[in-house]
Amino acid sequence: MDTFTAPPFTAADHRVPYEIPEVPGTAWSAAPSRRRNRVSRLVLLAVLLIQAALSLRLRNTADAPEASTLVVGRAEVAHLLHGTAVSTDLVHRFPGAPWFYPLLAGFGESWDRVAGARLIGLVCALATTAVLYALTRRLFNERVGLFTAAAYAVLQSTVVLGFYASPDALAVLLVTTAAWVVVRTGRRNPLWVLAASVPAGLAVTAEYAALIVVPSLAVLTVLTAAKHHGWGASLLRGLLLLAPALGLLLPFGGTRRALTGLDGALTRHGGAAALDTLWLAGRLSGLFLLVALAGGVAYVARERMNEVPEAEYRHDSRLLRVLLVALLCGTALLVPLYQAAVGDGTALARHLALGLVFAAPLVGVGISRVTGAHFRNPQLGILLWVLTMALGVHQSSQQFQGWPDGSALLSTLDARVDGTGRYLTQVDGLGAYYLDRKTTPAQWVSAAVGLPTGQDATLAAVRSGSFQVVVLDSAVSGPASSGLAGALAASHKYTLLKEIHYLGAGGHVYTYRVYVLTPPAPKKAPVHTHRPKKTGTGTARTGTTKTGATRKPTKAPATH
């Protein structure tokens, strides 16, 4: 029987030679992937849930700016839906266009009173954190974007604006959106920059204080485009952003009013000392700015940590990195410096967010560098985040309790107001909003605005007793407040009904003083003297003479 025998070495001749595969420099790739996107979005969602929980835990009645905003919002909603004229003078006190944010707040208020309006701020704050993540991811990388979102979400200004009815949350969202569009379109046609001018202009429309950061948006446009298009074309892009953003406000007078407010910083001063305002800004944002500065220094010294050596990046020049760090940190410092120049720190805690949103990407860089390549020192990054959150929780609670619960003042006013009187108050909006079932906004006159004929006419009306109730707040200072107190004392027509003490910002004790019009004293009835009636037969009269002798009675003459 024949057997098959394979030729020698035939199988070996068909064997594929073994080749050693190329070993990557790292065990993971920096290229985008679906898994990475899912993980990043889950982490971002967790950050947003933490931010929402920190904001929703805050509780207090509406303060004067909130109440004023809601009064204006009600009036704007009624004007839009029913054509009712806006009769409140608080529209002149609103720090933005009254038809923009107050209209949104008015619709929210009609759904669930103060809480409904505050939920609009929560939506804006959460959207700001998400857009800031996308912006930082474009400027640096994904990890820095997550660190930035995590640090910004627990900042005190972010937490407060997340449950506060004011235009600041909307303005910060629009500014962040404009910055994201600028970075997103840095490589594209210059006309794409016009898309960023719309949110930039609307930010100033919502809150006139946002005008102070619009030039920073223009400079950011130049810096992000310079490495792709050169300095000349980049300067043109900056002008394309700036001109339409300001021109968008011209039909509404917003540019004029915002520039007037900025010009006032050079010509007038409020009651707060500049050093006190800067000290407050340091307490509220000092740690955040220090981490941002450290991150900026690390970024200038070394652009990347080179976790993926074989990855190809477009490197920025050191000059460009220095200018970018100076812009982001300088904008964060610009807001407290402006508030200190004005001498008004009442809205500092909210306005800080306009500048801190620029410094936030550098905070992400700082936490990333402290954590190290491949998360070598995660405990240091966690420590920084926990410190930031602890400060944010404590300071946001202090800010939300920094204004008094208005229940005591409202209960006092409720017994003294009706639908016919006129009321002058230094606590704007509180009575007009909460006592709406008994009064109308037109009955309440803001002491800061006064009558349409001017402050002199307001003081004259106080002296003549034209207001049934006058409410003073010792926290309000200045010549106008002193003049009002003097007019009350000079009129002698008002009686101090009640003093309500409250604990204000910084632990200072202030006082509400409620004066009521003194009712006129009732007229005395005339006193009638009764004399004895004369009779026809004559009546004997006795009396005393001037010398004290007794006068004898005389007989009446006889009649014939």
Inset, instruction - Please indicate, with yes or no, whether at least one residue in region 118-126 is at pLDDT below 90 and of a type outside the set (D, E, K, R). - result: no
Legend entry - Selection from region 399-418 of residues that are over 13 Å from Tyr512 (Cβ atoms) and without any contact (Cβ under 8 Å) to a residue 40 or more places away in the chain: Asp414, Ala415, Asp418
Inset, instruction - Return only the number of the condition from (1) assigned to a helix (DSSP H, G or I); (2) touching a Ser or Thr at 6+ places or on another chain (Cβ under 6 Å); (3) closer than 26 Å to Gly296 by Cβ that Gly186 does not satisfy. - result: (1)
Inset, instruction - Taking Val386 as the residue in question, decide whether it is in contact with a Leu (Cβ under 9 Å, 6 or more places away or on another chain) and over 30 Å from Val469 (Cβ atoms). - result: no
Legend entry - All positions within region 92-108 that are closer than 18 Å to Leu161 by Cα, at pLDDT below 90 and not small (Gly, Ala, Ser): Phe94, Pro95
Inset, instruction - Taking the options Val77, Val91, Val86, name whichever one is in contact with a Ser or Thr (Cβ under 8 Å, 6 or more places away or on another chain) and aliphatic (A, V, I, L, M). - result: Val77
Inset, instruction - Restricting attention to region 220-243, report how many residues are surrounded by 16 or more Cβ atoms within 10 Å (Cβ to Cβ) and touching a Gly at 6+ places or on another chain (Cβ under 7 Å). - result: 4
Legend entry - Number of positions in region 97-144 that are out of contact with any Asp or Glu (no Cβ under 8 Å at 6 or more places or on another chain), within 21 Å of Ser68 (Cα to Cα), aromatic (Phe, Trp, Tyr) and touching a residue at least 40 places away in the same chain (Cβ under 8 Å): 1
Inset, instruction - Go over the candidates Val393, Val417, Val445 one by one and state the one that is assigned to a strand (DSSP E or B), modelled with pLDDT of 90 or more and in contact with a Leu (Cβ under 9 Å, 6 or more places away or on another chain). - result: Val445
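Taking the conditions exactly as written (among the hydrophobic types (A, V, I, L, M, F, W, C), part of a helix (DSSP H, G or I) and over 14 Å from Phe358 (Cβ atoms)), does Val175 satisfy them or not?
Taking the combined requirement at face value, the residue does not satisfy it.
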Inset, instruction - Determine whether Leu472 is without any contact (Cβ under 8 Å) to a residue 24 or more places away in the chain and closer than 19 Å to Ala415 by Cβ. - result: no
Inset, instruction - Would you confirm whether any residue within region 172-181 is in the same structural domain as Gly295 (by TED's automatic domain parsing), in contact with a Lys or Arg (Cβ under 8 Å, 6 or more places away or on another chain) and surrounded by fewer than 24 Cβ atoms within 10 Å (Cβ to Cβ)? - result: yes
Inset, instruction - Quickly run through region 355-384 and pick out the residues that are free of Cβ contacts under 8 Å to residues at least 40 places away in the same chain and of a type in the set (Lys, Arg). - result: Arg376
Inset, instruction - Please determine, by comparing only the residues of region 141-153 that are surrounded by fewer than 24 Cβ atoms within 10 Å (Cβ to Cβ) and out of contact with any Pro (no Cβ under 9 Å at 6 or more places or on another chain), which one is modelled with the highest pLDDT. - result: Leu146
Inset, instruction - Check Asp473 against each of (1) closer than 19 Å to Arg513 by Cβ; (2) over 23 Å from the mean Cα position of the chain (by Cα); (3) acidic (Asp, Glu) and name the one condition it does not meet. - result: (2)
Legend entry - region 416-434, subset of a type in the set (A, V, I, L, M, F, W, C) and over 15 Å from Asp405 (Cα atoms), residue surrounded by the fewest Cβ atoms within 10 Å (Cβ to Cβ): Val417
Inset, instruction - Hey, could you check region 75-91 for residues that are in a helix (DSSP H, G or I) and over 17 Å from Val445 (Cα atoms) and say which is modelled with the lowest pLDDT? - result: His82
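The values are calculated or read from the model by the stated rules, or taken from the named source; none is laboratory data. Quick caveat: nothing in here was measured; it's all calculated off a predicted structure. A quick note on method: Cβ atoms are made from the backbone with ideal geometry, for glycine too, and the neighbour counts reach across all protein chains shown.
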